[in-house]
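Student: This is the structure I have questions about; it appears just below.
The values are calculated or read from the model by the stated rules, or taken from the named source; none is laboratory data. Predicted model only: the values in this text are computed from it and were never measured. Every residue, glycine as well, gets a Cβ built from its backbone with ideal geometry; the counts of neighbours run over all protein chains shown. Side chains included, ligands, DNA and RNA excluded: accessible areas come from the protein's heavy atoms. Shrake-Rupley method; radii C 1.70, N 1.55, O 1.52, S 1.80 Å.
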Amino acid sequence: MTTPVVLVAGPYAGARAAVVRRLLADHPGSVAIHHERDVWPLPGAALLVVELGDTAEPRPFAETVAARAGLRLAAVLTALDARHMPVDILRGDRLPGRDERYVAEVLARQVEYATHLVLDGGDAEDGELARAVLAHLAPATPVHHVRDGLPPLAGRTVCTEELADRVDPATALLPCEARTGAVTTVVWHRLRPLHPGRLFQVTEELAACTVRGRGRFWLACRHDRLLAWDSVAGRLTVHDAGPWLAARPPSAWDACRPARRAVAALDWNPVTGDRVQHLVFTGPDLDRRHICDLLDGCLLDQTEMLAGSDAWNGYDDPFSLVLDVDTMLPS
């Protein structure tokens, strides 16, 4: 028999405490612990509620729970202060102490990985704005307010592989284009490869003028490699996320997760395979035309396309200096 575990993440101690209290009230016989107290499992607990620290990203904890005998991951909740979250996602400052991460970066990870988002505090206007922001950051994730109660969780089982598929760049089903009040999400989807030098010149502007950017892209000089774009509050990370499926032998498809094959099939083109430009940017009152014009200007033109991949491999690649390196872009 397994003990169901609910993780409660989020940077707001008061909101986390409110969510924990609600869970304990809704599930008699439950036990709440802080993640630093390694006393799992607790036999006989109707539900084990694990409160994570302010800056803890939930994914490694979820995967640890899922791999541990006697435990069953039932939910990953991120508790959010309705008044402060819409402002904190804009913050470009580092976390206190020796932590090298940034406030908005951690908040984005906590929001996008969760199975449920739970608001606490704030008035009706705060709640409306918070829900609007969350609808762009995690459109498929249900949002609750702690005062209204939470759905039954103890009987559920969460698959951490499916949660990983939601956020990993090769499999993420990215948000659609949308506008909610002042919050805008712009989707840029193209099939031609990008010139590395021209794209590098506009990365600073793209990261600085948007709150959240993510997606996968194809550089002409890295013909077989899927690159991931991850920006939040002016901080940009570009990393190599492995080969495109089109660059792998057909036999390798069988070893891929279903989500990987499904996303590749959605993007499949008879000539380029699953190589694609699919970037999504979110922020207040974004200028869609300007963002798309910036990126369209980085695509290879007709002459460059006809030159072929042998010529593309000769392009100077400034991304070689920053791949797998985090950079804080000036505002």
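Student: Suppose every Lys and Arg Cβ carries +1 and every Asp and Glu Cβ carries -1, with no other charges. What dipole size does region 119-174 come out with about its Cα centre, to the nearest 20 debye?
Tutor: 180 debye
Student: Rank Phe200, Phe217 by accessible area, highest first, at a 1.4 Å probe radius?
Tutor: The ordering from most to least exposed comes out as Phe200, Phe217.
Student: Computing the accessible area with a 1.4 Å probe over protein heavy atoms, can you report the carbon and sulfur percentage for the chain?
Tutor: Answer for the chain: carbon and sulfur cover 54 percent of the accessible area.
Student: Report, in whole Å, the centroid distance computed from the Cα atoms of region 247-306 and region 185-237.
Tutor: About 11 Å separates the Cα centre of region 247-306 from the one of region 185-237.
Student: Measuring from the lowest to the highest alpha carbon on each principal axis, how far does the chain reach, largest first, in angstroms?
Tutor: Extents along the principal axes, in whole Å: 69, 47, 36.
Student: At 7 Å along Cα-to-Cβ for each site, give me the label-to-label distance between Asp254 and Ala13 in nm.
Tutor: Result: 5.5 nm between the two label points.
Student: Given only helices, namely DSSP H runs of n ≥ 4 each adding -39500 (n - 2.57), what is the per-residue ellipticity at 222 nm of the chain, to the nearest 500 deg cm²/dmol?
Tutor: Mean residue ellipticity, 222 nm, calculated: -9000 deg cm²/dmol.
Student: Taking 8 Å as the Cα distance limit and 6 or more residues as the minimum spacing, I'd like the relative contact order of region 164-309 as a percentage.
Tutor: Reported as a whole number, the value is 34 percent.
Student: Keeping every protein chain present and rolling a 1.4 Å probe, give me the accessible area per residue for the chain in Å².
Tutor: 45 Å²
Student: Which peptide among 118-126, 22-30 comes first, and what is the full order, when sorted by highest mean count of other Cβ atoms within 10 Å?
Tutor: Result, highest mean first: 118-126, 22-30.
Student: Please grab the % of Cα pairs in region 105-151 that end up more than 15 Å from each other.
Tutor: 42 percent
Student: Among 99-111, 75-87, what's the highest-first ranking by average C-beta atoms within 10 angstrom per residue?
Tutor: 75-87, 99-111
Student: A further question on this structure: Over the chain, what is the mean sequence separation of C-alpha contacts under 8 Å (at least six apart), divided by residue count, expressed as relative contact order in percent?
Tutor: 16 percent
Student: For region 76-143, build the convex hull from the C-alpha positions and give me its volume per residue in Å³.
Tutor: Value for region 76-143: 81 Å³ per residue.
Student: Any chance you could check the Cα centroid distance between region 69-98 and region 101-156 for me, in angstrom?
Tutor: 9 Å
Student: Whole-Hz Karplus ³J(HN,Hα) for region 317-323, in order, using 6.51 cos²θ - 1.76 cosθ + 1.60 and θ = phi - 60°, x for Gly and Pro?
Tutor: 10, x, 5, 4, 7, 10, 4
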